[in-house]
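The values are calculated or read from the model by the stated rules, or taken from the named source; none is laboratory data. Note that this is a predicted model, so its numbers are computed, not measured. In this analysis, Cβ positions are derived from the backbone assuming ideal geometry, glycine residues included, and neighbour counts consider all displayed protein chains.
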Amino acid sequence: MTIQWFPGHMTRARRQIQEKLKLIDVVIELLDARLPLSSRNPMIDEILQGKPRLILLNKADLADPAITREWIDYFREEGFAAIAVDASSGQGIKEIPDLARELLKDKIEKQLAKGMNPRSVRALIVGIPNVGKSTLINRMAGRNIAATGDRPGITKSQQWIKVGTQMELLDTPGILWPKFEDQNVGYRLAVTGAIREEILNIEDIAFFAVKYLAKYYWEPFAQRFEIKEAPQDFENPDEIVAVMEAVGRKRGCLMSGGRVDLEKASSVLLRELRAGKLGRYSLEAPY
Ligand code: G4P
């Protein structure tokens, strides 16, 4: 799903999340482990108004594990609870209810001290489009998934999904917009397929990807496309384009006269990258 965001949409999205904040105890902020800052809403701190927050680095199965560990340290140093998960397989999600309760430890202890029986922790998942919110909700819901109103004729109302015995999740996540102002953020999102290619030029997206991968993940790249020579100077655009041409030749993306069709080569390259054929990679690192 790709959403075109306009100021009016942002205001509405923000308002919708803030309405939901009244109903919940904890926010689960979903980020893409391959690009945690680029997949983060620029106004998140302001929008969440200090609600206790658990950060999940999702799609960790696709990211470079060493860099993901660095990101976890980074967010923990910032004072957040943070873990890596893979919503598709369910890896890591069992920890979520305990971590959420841990965030509310003081409140729960006070309730217990007053002889009250603490109710389930209520949580809301938020994140930008495509970061895996629906996948995570479905995973956490397991067999308890509530009937939702995506079909015509059914009024959509908010429902709580039970997660084990001590947590409830709002079935509709909060959808946030990414940070548009920074072009590199746009490229990182486009490389992963999180934003539509038509917004940026496909050859520019592939160029951005090749430049980064050649620098940090050359071996799997070179192996996959059987390229012998690594670029000497990553800042030299001609050398990066030469790598793209080598990919095109390898995949038979040629025009009449034998010239490489760079647009086709870019499309093939991005498809293989997104399908995980080039191995695990991260597009930004904290340190
Ligand atoms: P959203 O609600 O935040 O918009 O995201 P959604 O759950 O629809 O997930 C977007 C895409 O990301 C889906 O792929 C989904 O399968 C994939 N995804 C979500 N979590 C993970 C994860 O932890 N690891 C991996 N590898 N992929 C994940 P899709 O291609 O749009 O659909 P499909 O392939 O599932 O049919």
When you scan region 219-254, how many residues do you find that are crowded, with 16+ Cβ neighbours inside 10 Å, charged (D, E, K, R) and assigned to a loop (DSSP other than H, G, I, E, B)?
1
If only one of Arg196, Arg249 is charged (D, E, K, R) and modelled with pLDDT of 95 or more, which one is it?
Arg249
Among residues of region 183-196, those that are in contact (Cβ under 8 Å) with a residue 40 or more places away in the chain and loosely packed, with under 15 Cβ neighbours inside 10 Å, counted:
2
Kindly list the number of the only condition in (1) under 24 Å from Leu273 (Cβ atoms); (2) away from the ligand (no atom under 13 Å from the Cβ); (3) in contact (Cβ under 8 Å) with a residue 40 or more places away in the chain; (4) of a type in the set (Lys, Arg) that fails for Arg69.
(3)
When you scan region 261-280, how many residues do you find that are under 18 Å from Ile202 (Cα atoms), out of contact with any Lys or Arg (no Cβ under 6 Å at 6 or more places or on another chain) and either at pLDDT 95 or above or surrounded by 18 or more Cβ atoms within 10 Å (Cβ to Cβ) (or both)?
12
Within region 1-44, count every residue that is free of Cβ contacts under 8 Å to residues at least 12 places away in the same chain and either part of a loop (DSSP other than H, G, I, E, B) or closer than 27 Å to Pro118 by Cα (or both).
4
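Condition check ((1) surrounded by 16 or more Cβ atoms within 10 Å (Cβ to Cβ); (2) modelled with pLDDT of 95 or more; (3) among the hydroxyl-bearing types (Ser, Thr, Tyr)) across all residues:
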site	(1), (2), (3)
Thr2	no, no, yes
Ile28	yes, yes, no
Glu46	no, yes, no
Phe80	no, yes, no
Flagged in region 82-117 as surrounded by 15 or more Cβ atoms within 10 Å (Cβ to Cβ), of a type in the set (Gly, Ala, Ser) and out of contact with any helix residue (DSSP H, G or I) (no Cβ under 7 Å at 6 or more places or on another chain), in numbering order, are Gly92, Ala100
Just to be sure before I move on: is Gly276 under 27 Å from Leu57 (Cα atoms), out of contact with any strand residue (DSSP E or B) (no Cβ under 6 Å at 6 or more places or on another chain) and not in a helix (DSSP H, G or I) in the structure I sent?
yes
Of the residues in region 123-142, those that are among the basic types (Lys, Arg) and within 8 Å of the ligand (Cβ to nearest atom) come to Lys133
Across (1) farther than 16 Å from Lys277 by Cα; (2) in contact with a helix residue (DSSP H, G or I) (Cβ under 9 Å, 6 or more places away or on another chain); (3) surrounded by fewer than 16 Cβ atoms within 10 Å (Cβ to Cβ), Lys211 clears everything bar (3)
Take the residues in region 45-61 that are part of a loop (DSSP other than H, G, I, E, B) and more than 15 Å from the ligand (Cβ to nearest atom); name whichever of them is nearest to Lys94 (Cα to Cα).
Pro52
Do any residues in region 77-106 that are within 15 Å of Lys59 (Cα to Cα) have Cβ atoms under 8 Å from those of residues that are acidic (Asp, Glu) and at pLDDT 95 or above, where the two are at least six apart or on different chains, and which pairs are they?
Ile83/Glu95; Asp86/Asp61; Ser88/Asp61; Ser89/Asp61; Gln91/Asp61; Gly92/Asp86
